[in-house]
Ligand code: 13P
């Protein structure tokens, strides 16, 4: 399974290095079978000499190799650190940073052409959720506009906006309902994200179509993140 941490706007360069080293040591000692991802801030990217099953990824990029885009990071800067995994479509970028679906699709095509792993995030806000599952699914399908769902290195993360950073995860029934509807049409790994923590990760990983998690807040403590990896190793999937 894929167990991913999204650092968001947390951790310094030194703190990230210590975190990555601690997770590397844990994975080696526990002989973990999980595919672990750590989406670090740009300023903390480096070559960490990761194991095959641990990759440090980028939370964002501007869809250019290089050029004149003041304040942006292109692929030349990611390639320096051999970044092989990127997040695209996170709700904080869609809603707070106002990224349009057209721009997200442009970023997707750019990353796809560079053959990196794409963790593509989708999720509905609370006002859509209250309208019921049909409204939720049509909202989610719209987030696939312009996205090649057959791309080899695509991973999809379902993160309901109302569950992100609130401490209130979606219910297991809601996760199961959405993931199984996605699974009926998509053949890529499906992750869940939104208030995943040590206390609920096991039951979430038992949801049939769930193949991993994308964790924010609860993963920022390295012991808790190791514990989540340990629990995933004990879920027989
Ligand atoms: P939380 O785990 O803090 O809810 O964040 C989830 C998330 O946005 C991961 O990308």
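Can you give the Rg and Dmax of the chain based on its C-alpha atoms, in angstrom?
Final numbers for Rg and Dmax: 16.8, 49 Å.
Quote the Stokes-Einstein diffusion coefficient, in whole µm² s⁻¹, for the stretch 6-84, based on the Kirkwood radius over alpha carbon pairs, a temperature of 20 °C and a viscosity of 1.002 mPa s.
Roughly 161 µm²/s, to the nearest whole number.
To the nearest Å, what is the center-to-center distance of the stretch 1-20 and the stretch 62-85, using C-alpha atoms only?
Distance between centres, Cα-based: 19 Å.
Select from 46, 152, 199 the residue whose mean-square fluctuation is largest in a Gaussian network model of the chain (Cα-Cα springs shorter than 10 Å).
Checking each option, the largest mean-square fluctuation is seen for 199.
Calculated from DSSP H runs of 4 or more alone, at -39500 (n - 2.57) each and per residue, what is the 222 nm mean residue ellipticity of the chain, nearest 500?
Helices in the chain give a 222 nm mean residue ellipticity of -10000 deg cm²/dmol.
Using a Gaussian network model of the chain whose springs link C-alpha atoms within less than 10 Å, name the residue from 43, 70, 166 with the highest mean-square fluctuation.
Looking only at 43, 70, 166, the biggest GNM fluctuation is shown by 70.
How large is Rg/Rh for the stretch 131-237, to two decimals, with Cα atoms and a Kirkwood Rh?
Working: Rg = 13.9 Å, Rh = 14.4 Å.
The Rg/Rh ratio comes out at 0.96.
Given springs between every Cα pair under 10 Å in a Gaussian network model of the chain, which of 126, 184, 209 has the largest fluctuation?
184
Fewest first, what order do 121, 226 take by the number of other Cβ atoms within 10 Å?
226, 121
Taking neighbour Cβ counts within 10 Å as the exposure measure, how do 112, 185 sort from fewest upward?
If I rank by nearby Cβ atoms, fewest first, I get 185, 112.
Efficiency by 1/(1 + (r/R0)^6): what FRET value for residue 127 and residue 29, r their Cβ-Cβ distance, R0 = 45 Å, to the nearest 0.05?
0.50
Can you give me the distance in nm between label points at residue 149 and residue 199, each placed 7 Å from the Cα along the Cα-to-Cβ direction?
3.5
At a temperature of 20 °C and a viscosity of 1.002 mPa s, determine how fast the stretch 1-133 diffuses translationally according to Stokes-Einstein, using the Kirkwood radius over alpha-carbon pairs as Rh; express D in µm²/s, rounded to the nearest whole number.
Rounded to a whole number, D works out at 134 µm²/s.
Using the 10 angstrom Cβ neighbour count as an exposure proxy, how do 129, 37, 183 rank, fewest first?
Listed from fewest to most nearby Cβ atoms, that is 183, 129, 37.
Using a Förster distance of 45 angstrom, determine the FRET efficiency expected from the C-beta separation of residue 134 and residue 227, and round it to 0.05. Intermediate results must be reported in sequence, preceding the final value.
Working: r = 37 Å, r/R0 = 0.83.
E(calc), rounded to 0.05, equals 0.75.
Compute the length gained on full extension between residue 80 and residue 234: take 0.36 nm times their separation in residues and subtract their Cα-Cα distance, giving the result in nm to one decimal.
On the way: separation 154, 0.36 × 154 = 55.44 nm, distance 3.59 nm.
Fully extending the segment from residue 80 to residue 234 adds 51.9 nm.
Bear in mind that the values in this text are calculations on the coordinates, not laboratory data. All values derive from a computational prediction rather than experimental measurement. So basically every Cβ, Gly included, is an ideal-geometry build from the backbone, and we count neighbours across all protein chains shown.
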